[in-house]
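Participant: Have a look at this one before I ask anything.
Please treat every number below as a calculation from the coordinates, not as lab data. The structure displayed is predicted, hence computed values, not measured ones. Backbone-built Cβ (ideal geometry, glycine too); neighbour counts: all protein chains shown.
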Amino acid sequence: MNCSNARDIIDTCFQENPDRKVLPVMPPDLRDHLNGCDICRTYFETVMIALHDPRLRMAIELPKKLKSKTWRTVQASSSRSVQVKHLAATMAALVIFVMGYLFGTAHVKVEPSQPLSGELYFDQFCGYLPASSFDPSRYFTPVDEISFYRFRLTGDSVMSFPSLLTGYGHYQLDTHLIERSDASVCLVFVSPLGDLLTLRIREIKNGLMDDAYIVHRDPLRVMAYSVSWFQNEWHFTISARIPPEYLLTIAKELAIRT
Amino acid sequence: MIGTRIRFEALYNRHCRKLFNLAWRLCSFNVTDAEDAIQETFVRALNASETYSDQNKEYAWLKTICIHVIFEKKRRYRFFNNSVRPELTTPETITPHPNPEQLAVSRETFGRVITAMESINPEFRHVLISKHFEGKTDDEIAGEQGICVATVRSRIRRARVALAECLLKENTR
């Protein structure tokens, strides 16, 4: 299957299901294609999640005070004196900028893309993603290699994320999005850039348990990965747009304390 | 000022409801941002209203101003804050029974798409907005823009691809 065929199928799926009430059942060859082609996966993600968001079909009422507020703004802006002030301020700023430029006082310090030593700059969050050759087996890690674990979900749990995550990303728990039931909890953490990391925990009794971390590609989001593992009859899954190696590190360091 | 008031009343009553809903969607369902965009749109429209007299295309004209205002604001905000503004509306009031994970993914992706729309060709952006943010049919878009339906469909496809490429570039940056 080529990209054009794949996009035709995606478009057709959503033309038939514009409200996205049911996710389309993807033919196996389309799924295979999406696994190997990041552009088509992004296309799928864009069309499915964003452009067919059910909220786009909703309408809201006009706020009652909008008319009077808008009119007041129009009145204020139509005053000539405001325009003159703006013009004067712009001219002053321009003169200051030109003077600063000419006399060398307006230098802006910019961090170099490469350190002075000549080594390539590598940003763990934004720099490098092994997108093309993803081999899940590379990321299997036996549980007994893990040094630090305390998982308990009885009572009110306090969760601490590993230092790297909180230090670099400052992900914060979105309290609007907590879903909790007797046997599961879903927590969503959002970074200042709007990236999110989800943690889903389910109680599994008498189930088959792999004693390894399993890394998957997120089926819905491009460049997103998820790591799942079992621990003491609980199944954990974290998912984020973070390189798999790093997500795995987070999974290993994750600690939930009561 | 009386003339401006009459003109304002006419424009507001005819188009504001539709325009506000469009702004609300383009502002990631944030009512406050949409209100700001509407106010700015009317200010600019009334300042230029003397040069514009085609009443049949009044809505299209206001829409263009509104879109410009919203994307300009987004650019300015990013310039000063170096970040995408997170959504402010509590989404659970809009969608009755959301799965938090799906909702969060939807919110994240929607924000990225809106941001990426700035980077694509304005012709493509216009078609996408009409199609997905205003819910217009291909025929309606063709009539509005004076192009044939096949061109509309082709632009929609190319716009989506351009959007996908932008998103991918953003992800790998």
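Participant: In whole Hz, what ³J(HN,Hα) sequence does the range B:8-22 give by Karplus (6.51, -1.76, 1.60; θ = phi - 60°), x for Gly and Pro?
Facilitator: Couplings: 4, 4, 5, 5, 4, 5, 6, 10, 5, 4, 5, 5, 5, 5, 5 Hz.
Participant: Then there's this: Would you please give the residues with an amide H less than 5 Å from that of A:GLN231, counting only those at least 5 places away or on a separate chain, with H modeled from the backbone geometry?
Facilitator: A:PHE236
Participant: Additional query: Work out, step by step, the length gained on full extension between A:LYS65 and A:CYS37: first 0.36 nm times the residue separation, then minus their alpha carbon distance; give nm to one decimal.
Facilitator: On the way: separation 28, 0.36 × 28 = 10.08 nm, distance 4.90 nm.
Computed gain between A:LYS65 and A:CYS37 is 5.2 nm.
Participant: OK, next. Enumerate the calculated ³J(HN,Hα) couplings along the range A:57-70 in order (Karplus 6.51 cos²θ - 1.76 cosθ + 1.60, θ = phi - 60°), each rounded to whole Hz, writing x wherever the residue is Gly or Pro.
Facilitator: In residue order, the calculated couplings are 9, 8, 10, 10, 6, 5, x, 4, 8, 4, 4, 5, 5, 5 Hz.
Participant: Additional query: Can you tell me the FRET efficiency between A:GLU203 and A:ASN5 if r is taken as the Cβ-Cβ distance and R0 is 45 Å, rounded to the nearest 0.05? Write down the numbers at each step before the final one.
Facilitator: Numbers: r = 43 Å, r/R0 = 0.95.
Efficiency at R0 = 45 Å is approximately 0.60.
Participant: What FRET efficiency comes out for the pair B:ALA150/A:ASN232, r = Cβ-Cβ distance, R0 = 45 Å, nearest 0.05?
Facilitator: On the way: r = 60 Å, r/R0 = 1.33.
Calculated value: 0.15.
Participant: Between B:GLU140 and A:TYR246, with labels modelled 7 Å along Cα→Cβ, what's the label distance in nm to one decimal, could you check?
Facilitator: In this crude spin-label approximation the distance works out to 4.3 nm.
Participant: Let me ask something else about it. Report the label-to-label distance for B:ALA60 and A:HIS86 in nanometres (one decimal), using points 7 Å from each Cα along the Cα→Cβ vector.
Facilitator: In this crude spin-label approximation the distance works out to 2.7 nm.
Participant: Same structure, new question: Applying the Karplus parametrisation 6.51 cos²θ - 1.76 cosθ + 1.60 with θ = phi - 60° to the phi angles of the range B:128-138, what ³J(HN,Hα) value in whole Hz is obtained for each residue in order, glycine and proline being reported as x?
Facilitator: 4, 5, 4, 6, 9, 9, 10, x, 7, 7, 4
Participant: Need the full-extension length gain, A:ILE96 to A:ALA76, defined as separation in residues times 0.36 nm minus the C-alpha distance. One decimal, nm.
Facilitator: On the way: separation 20, 0.36 × 20 = 7.20 nm, distance 2.77 nm.
Taking A:ILE96 through A:ALA76 to full extension adds about 4.4 nm, to one decimal.
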